[in-house]
Every structure is written in structure tokens, then in C-alpha cells.
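The values are calculated or read from the model by the stated rules, or taken from the named source; none is laboratory data. Because the structure is a prediction, the values reported are computed rather than measured. Counting neighbours? That spans all protein chains shown, and the Cβs are built from the backbone with ideal geometry, glycine included. Just so you know, the surface numbers come from the protein's heavy atoms only, side chains and all, with ligands and any DNA or RNA stripped out. Shrake-Rupley method; radii C 1.70, N 1.55, O 1.52, S 1.80 Å.
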Amino acid sequence: MTLQHYETGTAAPVQPLRRAPMQRRSVERVQRMLDAAQQLVAEVGYDALTTTLIAERADVSIGSLYQFFPDKQAVVRAVALRNLERFTERLTELAKSSEHTTWWDLTSAVLDEYVAMHHDIPGFQTIRFGDVADLHLLDPVRDNDSVVAERFVKLIRPTVDVAEDVDLELDMVIAVKIADVLTRYAFERDPAGDKIVLDEAKRLVRAHLARRFGEPTPTT
């Protein structure tokens with residue numbers, strides 16, 4: 001998966017870059033631009049972000065930035081795609097772990113990883129998976145939460161006793177939106193993430209999904 005060509009499986013590829021960097025130096029330069037955009041969004045916010053600021057922070061010329069990105073929105077879209085790549089990598093590792101034996105073990109761990117990204121990645125609280133730049137960044141038809149939910153359905157199916165022909169997407173979209181809105185609110189209340197709100201997000205997601213999957217029963 002690359003920033004130049006990311007596919008959801010149903011959508012057309014997203015292409016935030018004017019052209020793909022081919023040489024190692026160009027790849028590194030683009031990554032510095034993305035890092036700079038993340039840092040600046042954390043410091044000044046999306047509205048105050050400019051391509052000039054990004055270029056200055058990344059130590060590249062404004063002309064070099066425009067070689068790869070048409071505007072600041074495209075830079076932030078590329079950051080959001082990189083965030084999704086990182087989240088997907090974390091989900092893949094969680095799915096491989098033998099520690100998560102029930103659907104709730106896995107879901108709880110995914111929610112913890114989502115919160116951890118708010119702590120670990122500068123600007124993630126604002127950019128996340130792209131809503132600040134484009135509600136349909138990942139798919140021209142569905143919103144970003146729906147695409148993330150689709151990814152999670154594929155992850156959780158092996159842990160639940162649900163027929164393959166049962167459509168779980170709406171259930172998961174609702175769970176993702178609960179988690180996303182309340183996590184965002186938790187970090188608005190407290191830069192470290194308000195624990196009461198984060199705990200409530202987990203409680204609500206669990207209650208919602210338990211209506212479909214039943215209460216999780218640990219394997220013996």
C-alpha cells in the first residue's frame with residue numbers, strides 16, 4: 001500500500017500526490033513534508049496551516065513541495081492515508097496475537113491502539129483518517145468511518161459466531177462512529193485523553209456489539 005495508490009477494495013484509488021517520488025531522496029523529502037504537516041497541525045491547527053509553513057518546516061523549497069502536492073489539502077490527505085496505513089499495520093499485528101481470544105478482547109485492543117495513536121502521532125487528534133481534509137478521502141461514495149468499519153469487519157469475523165452472509169457493516173459503522181466521536185471528545189476535554197470518557201466509549205461499543213455477537217465467552 002502506498003500514498004500514490006491506496007485501494008479500499010470497492011473504491012477508485014486515492015491519489016493525493018501529483019506524481020510518485022521515485023528516487024530515495026525524493027521519497028525522503030516527501031516524508032519530511034508529511035512529518036512537517038503533522039507537527040504544524042498539532043501546533044497551529046488545520047486552518048492556519050499553509051504550504052509555505054510546511055515547506056519551511058520540512059526544509060524544502062516551495063517549488064519542491066508543489067512538484068508533489070497541489071495544495072495543503074493534498075498534503076493532509078497524504079498524511080491521513082499514512083495514518084491509516086499505520087493503523088492497519090497495528091490491526092494486523094493484533095489479529096496475529098494469540099492473546100485476543102474473543103471479539104471483545106480484539107475490539108478492546110483495537111480501541112486502545114486508536115487512543116495510543118492520539119498520543120504517539122503529532123496532529124493525529126485533528127487529522128485522524130482524513131475528515132478534516134475530505135470526508136470521502138478513502139472512498140468517493142462512503143465516508144471515512146465506513147471504510148474503516150469495513151476493514152474492521154474483516155478483522156473481527158474469525159472471532160464471532162456469525163454466518164458469512166450476515167452483513168455486519170452497519171453494526172461496525174455505528175461502533176466506529178461511537179468510538180471516534182467519544183475519543184475526539186475525550187481529547188478535547190483533556191490533552192491526555194479523559195479516562196472517564198474513554199471508558200464510556202468502550203462500554204457503549206461493547207454494549208452495541210454484544211447485541212449482535214452476544215457476551216464474549218473466553219475460550220478454555
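With the whole protein complex present, Glu28 retains an accessible surface near 90 Å², based on a 1.4 Å probe. With both labels modelled 7 Å from their Cα along Cα-to-Cβ, the Thr101 to Glu169 distance reads 3.4 nm.
What the phi angles of region 158-166 give under the Karplus curve with 6.51, -1.76 and 1.60, with θ = phi - 60°, is a coupling list of x, 9, 10, 9, 10, 4, 4, 8, 7 Hz, glycine and proline written as x. Which of rounded, prolate, oblate describes region 142-220, given a ≥ b ≥ c as roots of the alpha-carbon gyration tensor eigenvalues and a/c under 1.5 marking rounded, otherwise prolate only if a/b is larger than b/c? Note, shape of region 142-220 comes out oblate. In a fully extended conformation the segment linking Thr217 and Asp112 would gain 35.8 nm over its present Cα-Cα distance, using 0.36 nm per residue. When the solvent-accessible area of region 46-198 is split by element, carbon and sulfur atoms take up 53 percent of it, the probe being 1.4 Å.
Residues in region 53-65 carry Karplus couplings, in order, of 4, 4, 4, 4, 5, 7, 6, 10, 6, 5, x, 5, 4 Hz; the curve used is 6.51 cos²θ - 1.76 cosθ + 1.60 with θ = phi - 60°, and Gly or Pro positions show x.
Note on exposure: Asp145, Asp199 ranked by accessible area (1.4 Å probe, complete protein assembly) read Asp199, Asp145, with the most exposed listed first.
Asp161 to Ala192: FRET efficiency via 1/(1 + (r/R0)^6), r the Cβ-Cβ distance, R0 35 Å, to the nearest 0.05? It comes to 0.40.
Give Lys177/Lys202; Lys72/Lys195; Lys96/Lys202; Lys154/Lys202; Lys72/Lys154 a once-over and call out the pairs whose C-alpha atoms are over 24 Å from each other. Distance filter (> 24 Å) returns Lys72/Lys195; Lys72/Lys154.
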